[in-house]
Amino acid sequence: MGRGSGEGKGYLRAVEYPAETIGNEVERLSGQPLIPLSNLPPGARAVVIEIRAGRGLTRRLMEMGLLPGSEITVLSNSAGPLLVSVRGVTLSLGRGIASKVFVQLA
Amino acid sequence: MRRSSQGDEIVVALVANPNVGKSTLFNTLTGETAHVANWPGVTVGVNQGYVEHHGIRLKIVDLPGTYGLSVGAKQVAEAITGEFIIRHQPDVVVVLADATALERTLYMAVLVLELTGRVVLAVNMMDVAQKRAIHIDLDGLEGGLGVPVVGISALRGIGLGVLLDRILDVAQGRAGRRPLRVDYGPLEPYIAEVERLIRGCEALSGYPPRWAAVKLVEGDEGVVETLRRADPALLKRVLEVRGRAEGELRAAPEEMMVQARYSLVSKILEGKVKVTRLASLGLAERLDKIALHPVVGPFFSLLVLFSSFIAVFAVNTGSPVDMLLDYLGLHGAAELVGEYSLVSLISGLFDSLAGLIGGILLQSDSPGWLASLLSEGVVSGLGLVLSFLPLVFTVFLLLGILQDSGIMSRVAVILDRFFRRFGVSGRAVFPAVLGFGCNVPAILATRAMDDDRERIVTALAAPMIPCQARLIVTVALAASIAQTPAGQAAVLVGLYAVQVALYLLTALVMNRLIFKTSVAPDLLLEIPPYHTPSLKVAWWYARTNSLHFLKKAGTIIFGANLVFWVLLHLGPEGFVEGAEIPATSVGALLGRALEPIGTLFGLGDWRVMLALISGFIAREAVLTTLAAVTGVGDPLQAVSALGLTPAQALSLAILSMAYTPCAATLAVIKQEVRLVGLLIKQLVYQLTVAVVLAATVYWGAVILGMS
């Protein structure tokens, strides 16, 4: 699953950091476990808490509207890429990417 | 006017996320004046066109759809957009947003506003929003953003007059604002520190200082790279600040920045968008239930793709409709369909033109070689190039429609699972389907892939898909392989199956050989809602791509045809000609020299080898050359005149299917891949595969007693 974790260029390594960050706190419901987006069933609604991917991919996902705090709805999740509705748009995410996006059920 | 205005012209740049309708707006505004233009410092040609409003000429520049804004040498959409806005300082930047996904598409507006305040926000798809009962307070939005906001429908041409009015307002200084200063909260001290550090830095002097500092703290690759090249020591100090921000705030600065921009968007949008009732998506939703169903979806996708392309190829080449009619016993109708297809009309036209010119020249005193060169070398070469054109054009027209309607991205999603096994994503389906018609548009279609590895691998594998020309050759050979129609059909289907398998395997092999990996890139794409495709956009898309093909590949096909004329008509004794291809021509000598290789797969006959060489120009030339060397007019009879055994015919059929891509295909591969080394590897690889396959099948057949 950790594919792409080495994506960050040497000079700018993404560091692991807690979701509660200064300046852009994402409300985290206590007691709700963090689960990868790829594990959600179709129809599930959730809030993105954290993206554990390389810098380039994280930024691209965020620019496409998928960022900590975003509310998402899983439209479909079978064997292929997932379909996710976020901010009024439908995104298709490969399973590898979806497994790097961590969410809490809403 | 100041800035980049040329004379009285006002330069307007169009910026938007993909799928927001930017091409539609561009085409509706500029119409027939649209063309590809090169701007200094912008690495790819961008579309531009003109529109006149209140007697003022506006030059509209259509920048590629992008989700971000950057600079730097990398040829990506976000860099092109950023470079253009910074270097060429357009008088007005029109940011196009989507009324049905306002929050996401306004993010782009914030990115642009950080650079320049000379912005007009056009909110597109107001008609769709209205249907879905989404109400947008445009005036409130204008107040929040500080720049003109106009609601439009690019597809229906609504609101464009007002949009042009507001563009003029900004261009003439009646509206607009200073660049937007996004509050990055706890990051501000670090941004200020970087701004102080880079003050006076020559390499960054072209960029607004605050913007450059934000981008550096954000870790933008383009700006970081620019500074690295100019002043690595300074970059180190800048990155030290960034590192400190990351450590002290315990967060990645770029994430905080995207967050900050999105919170600004939410703040601006607060109370400006109201949905009065829950929209029922109806048809689109029901369609997606089928198109994206895990089991039914793939079949549905293939059905849509193949029926569309069969229609296109029937118009162009007649097949497979003519073959079907033939099979049903309607031979007359079949012939008619074949004869009146675009390709045969064009080649027929050029054949008679070539004959006419040859005849005129022969009657005059000019030497025989000149008549032959002009008619066979030049005119028929032009005909060859032009006969590809309708196919290329209509395929792109269809592709444009499929893309614009939202069908394409769904097909890519649903077939992704299957293609991943071969190290490519679902996007590899488009080149494969197009390839059955002609490999040229198939390779051009790989341009839509944004993963470089996937794009190259698919372009190199695409020639394995058997095109229509190869089908024609194989059909002619089938009669020599099997006696019964059923047997011939089985041979055809078998050969097709082998080629499709080779396409997938080649993708896998190229991934392993060139990139040492077989992990498919993960799909990440936006699925646009279904909408009525704009014919204007599709038409323009097809026109641009066809012209591009004419310029680049056309010259190579034409040149190859000339070279082949030389091969057939020049020999040690000078110019030679005759009803048959002269045995003393360079081509014949070449064919003889290749006989030993031919014996490897049972085809040690110079006539066959020469035919295979000519198949490199265009695959159907295998048949015309065979007709010429045997002196028999009809290709089918020419094949039987060769007296091939079934094993030999099978070997030749496999070779004509699989050996080197034709000149046109190679030309576009070179145009798209741009690495000659890879091109040579591809050639060697495909030749080897074809020869090994043909030899194995030939000797296998001989052992089984098929000779």
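The values are calculated or read from the model by the stated rules, or taken from the named source; none is laboratory data. Quick caveat, the model's predicted, so the values are computed rather than measured. Neighbour counts run over all protein chains shown; Cβ positions are idealised from the backbone, glycine included. When the accessible area is computed, the model is the full protein with side chains, heavy atoms only, and any ligands, DNA or RNA have been set aside. Shrake-Rupley method; radii C 1.70, N 1.55, O 1.52, S 1.80 Å.
Taking the centroid of alpha carbons for each part, region B:473-507 and region B:184-220 are 63 Å apart. Charge dipole (Cα centre; +1 on Lys/Arg Cβ, -1 on Asp/Glu Cβ; no other charges) of region B:544-675 amounts to roughly 560 debye. On region B:10-171, 50 percent of the accessible area sits on carbon and sulfur atoms, based on a 1.4 Å probe.
The H on the amide N of B:Ile158, modeled in the peptide plane, is under 5 Å from the matching H of B:Ser153, each at least 5 residues off or on a different chain.
Accessible surface ranking for A:Ser78, B:Ser372, B:Ser640, 1.4 angstrom probe, highest first: B:Ser640, A:Ser78, B:Ser372. Enter the angle in degrees (range 0 to 90, nearest 10) between the Cα long axis of helix B:342-363 and the first principal axis of the Cα atoms of chain B, meaning the one along which they spread out most. In chain B, helix B:342-363 runs at an angle near 60 degrees to the longest axis. Placing +1 on the Cβ of every Lys and Arg and -1 on the Cβ of every Asp and Glu, with no other charges, gives the protein assembly as shown a dipole of roughly 1820 debye about its Cα centre. Counting only protein chain heavy atoms and rolling a 1.4 Å probe, the accessible areas of B:Thr660, B:Thr645 rank, largest first, as B:Thr645, B:Thr660. Under a 5 Å amide H cut-off, with hydrogens placed 1.01 Å from N, B:Ile10 pairs with B:Arg57, B:Leu58, B:Lys59 among residues at least 5 apart or on other chains. Summing Lys, Arg as +1 and Asp, Glu as -1, what charge do residues with Cβ under 9 Å from the Cβ of A:Gly94 carry, A:Gly94 excluded? Neighbour charge sum, excluding A:Gly94 itself: 0. The Cβ shell under 12 Å around B:Val36 holds other residues with a net charge of +1, Lys and Arg each +1, Asp and Glu each -1. Among the listed pairs B:Lys236/B:Lys267; B:Lys516/B:Lys681; A:Lys100/B:Lys274; B:Lys131/B:Lys289; B:Lys22/B:Lys59; B:Lys516/B:Lys551, a Cα-Cα separation exceeding 26 Å is found for B:Lys236/B:Lys267; A:Lys100/B:Lys274; B:Lys516/B:Lys551. Region B:381-449 and region A:39-106 have Cα centres lying 28 Å from one another. Amide H contacts for B:Lys272 (H built 1.01 Å from N in the peptide plane; partners 5 or more residues away or on another chain; cut-off under 5 Å): none found. The heavy atoms of B:His35 offer some 70 square angstrom of accessible surface to a 1.4 angstrom probe. Enter the angle in degrees (range 0 to 90, nearest 10) between the Cα long axis of helix B:676-703 and the first principal axis of the Cα atoms of chain B, meaning the one along which they spread out most. So the inclination is approximately 40 degrees. What the phi angles of region A:82-97 give under the Karplus curve with 6.51, -1.76 and 1.60, with θ = phi - 60°, is a coupling list of 7, 10, 10, 9, 9, 6, x, 10, 9, 10, 10, 10, x, 4, x, 5 Hz, glycine and proline written as x. With an a/c value of 1.5 or above and a/b larger than b/c for the gyration tensor axes a ≥ b ≥ c computed over the alpha-carbon atoms, region B:10-171 is described as prolate. Estimated from helices alone, the mean residue ellipticity of chain B at 222 nm is -19500 deg cm²/dmol (sum of -39500 (n - 2.57) over DSSP H runs with n ≥ 4, per residue). Add +1 for every Lys or Arg and -1 for every Asp or Glu among the other residues with Cβ under 14 Å from the Cβ of B:Met609, and state the total. Charge balance near B:Met609 sits at 0. Stretched out straight at 0.36 nm per residue, the stretch from B:Arg592 to B:Leu353 would grow longer than its current Cα-Cα span by 82.7 nm.
To the nearest Å, what is the center-to-center distance of region B:604-665 and region B:83-136, using C-alpha atoms only? Their Cα centres are 57 Å away from one another.
Could you state the orientation-averaged shadow area of the convex hull built on the Cα atoms of the protein assembly as shown, in nm² to one decimal? Average projection, Cα convex hull of the protein assembly as shown: 39.4 nm².
Using θ = phi - 60° in the Karplus curve 6.51 cos²θ - 1.76 cosθ + 1.60, the 3J(HN,Hα) couplings for region B:82-91 round to x, 4, 5, 5, 6, 6, 9, 5, x, 4 Hz; x is entered for Gly and Pro. Relative contact order of chain B, taken over Cα pairs closer than 8 Å and 6 or more residues apart, is 9 percent. Only protein heavy atoms count here, probed at 1.4 Å, and on that basis chains B and A bury about 3900 Å² of accessible area in total. The long axis of helix B:535-569 is offset from the longest Cα principal axis of chain B by roughly 40 degrees.
Rolled with a 1.4 Å probe across the full set of protein chains, the surface gives B:Met108 an accessible area near 0 Å².
In the context of the full set of protein chains, region B:305-523 has a per residue accessible area of 40 Å² (1.4 Å probe). The apolar share of the surface of region B:185-275, taken as the fraction of accessible area on carbon and sulfur atoms (1.4 Å probe, ligands and nucleic acids excluded), comes to 54 percent. Across region B:173-189, computed HN-Hα scalar couplings (Karplus, 6.51 cos²θ - 1.76 cosθ + 1.60, θ = phi - 60°) run x, 7, 8, x, 7, 7, x, 6, 10, 6, 7, 8, x, x, 7, 3, x Hz from first to last residue, x flagging Gly and Pro.
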